[in-house]
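Next up is a structure, given as structure tokens.
Laboratory data are not the source of any read-out in this text; all were calculated from the coordinates shown. All values derive from a computational prediction rather than experimental measurement. Neighbour counts run over all protein chains shown; Cβ positions are idealised from the backbone, glycine included.
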Amino acid sequence: MEALTPHCVINKTPSDYYISCVEDSILLVSNSDIEAEINSKFPKFEIMCRLFSEELLAKQQITFDEFKTSSPEQRYLNLLQKRPDLIQRVPQHQLASFLGIKPQSLSRLRARILEKKG
């Protein structure tokens, strides 16, 4: 399970980008008034959400730090190791975007990796 709250939601500003769901997804659409009402009615739920948010934030920071300090090839190899299922399910142009490279660069990168293995 993954969660995502774009910064534009928190800042209440227009987003600089959009998110595409390439598979069936469950979306929770809410606003701060609904959130405040639920949290006041169910304080344990608020605690659970806070703990979940802290865990997600820590994971995202680790992922971001790895992304910043790695080469595109390392990012791709890391993706192969941690999420091999995505390689077959997600279109190449979206994988390239996720890796911070152009689709043509991803094609060359994949060819280079296959060449090293062969």
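In the stretch 10-42, what GluC sites (Glu not before Pro) fall in a loop by DSSP, with at most 13 other Cβ atoms inside 10 Å?
Those satisfying the criteria are E23.
Tell me, what is the FRET efficiency for I26 and L114 to the nearest 0.05, using R0 = 30 angstrom and their Cβ-Cβ distance as r?
According to the calculation, E is roughly 0.25.
Hey, what number do you get for the chain at 222 nm if only DSSP H runs of n ≥ 4 count, each worth -39500 (n - 2.57), divided across all residues, to the nearest 500?
Counting only the DSSP helices, I get -21000 deg cm²/dmol.
Between the helical axis of 43-68 and the dominant principal axis of the chain, each derived from Cα atoms, what acute angle in degrees is found, rounded to the nearest 10?
For helix 43-68, the angle is close to 20 degrees.
Is the C-alpha gyration tensor of the stretch 72-118 telling us rounded, prolate or oblate? Criteria: a/c under 1.5 is rounded; beyond that, a/b larger than b/c is prolate, otherwise oblate.
In terms of gyration-tensor shape, oblate.
Follow-up. In percent, how large is the relative contact order of the chain, given Cα pairs closer than 8 Å and 6 or more residues apart?
Relative contact order comes out at 14 percent.
Tilt of helix 103-117 relative to the longest C-alpha principal axis of the chain, in degrees (0 to 90, nearest 10)?
For helix 103-117, the angle is close to 60 degrees.
Restricting to DSSP loop positions (anything but H, G, I, E, B) with no more than 12 other Cβ atoms inside 10 Å of their own Cβ, which GluC sites (Glu not before Pro) remain in the stretch 50-118?
The qualifying sites: there are none.
What does the charge count near F45 come to, summing +1 for each Lys or Arg and -1 for each Asp or Glu among other residues with Cβ under 14 Å from its Cβ?
Residues near F45 contribute 0 overall.
Mind jotting down a quarter of the surface of the convex hull over the alpha carbons of the chain, in square nanometres, one decimal?
Working: hull surface 36.7 nm².
Its Cα hull, projected and averaged over all orientations, spans 9.2 nm².
Assign unit charges at the C-beta atoms only (+1 for Lys and Arg, -1 for Asp and Glu), then state the dipole size of the chain relative to its Cα centre in Debye, rounded to the nearest 20. Walk me through the numbers on the way to the answer.
Numbers: 16 positive and 15 negative charges, 150 e Å.
Charge dipole of the chain: 720 debye, to the nearest 20.
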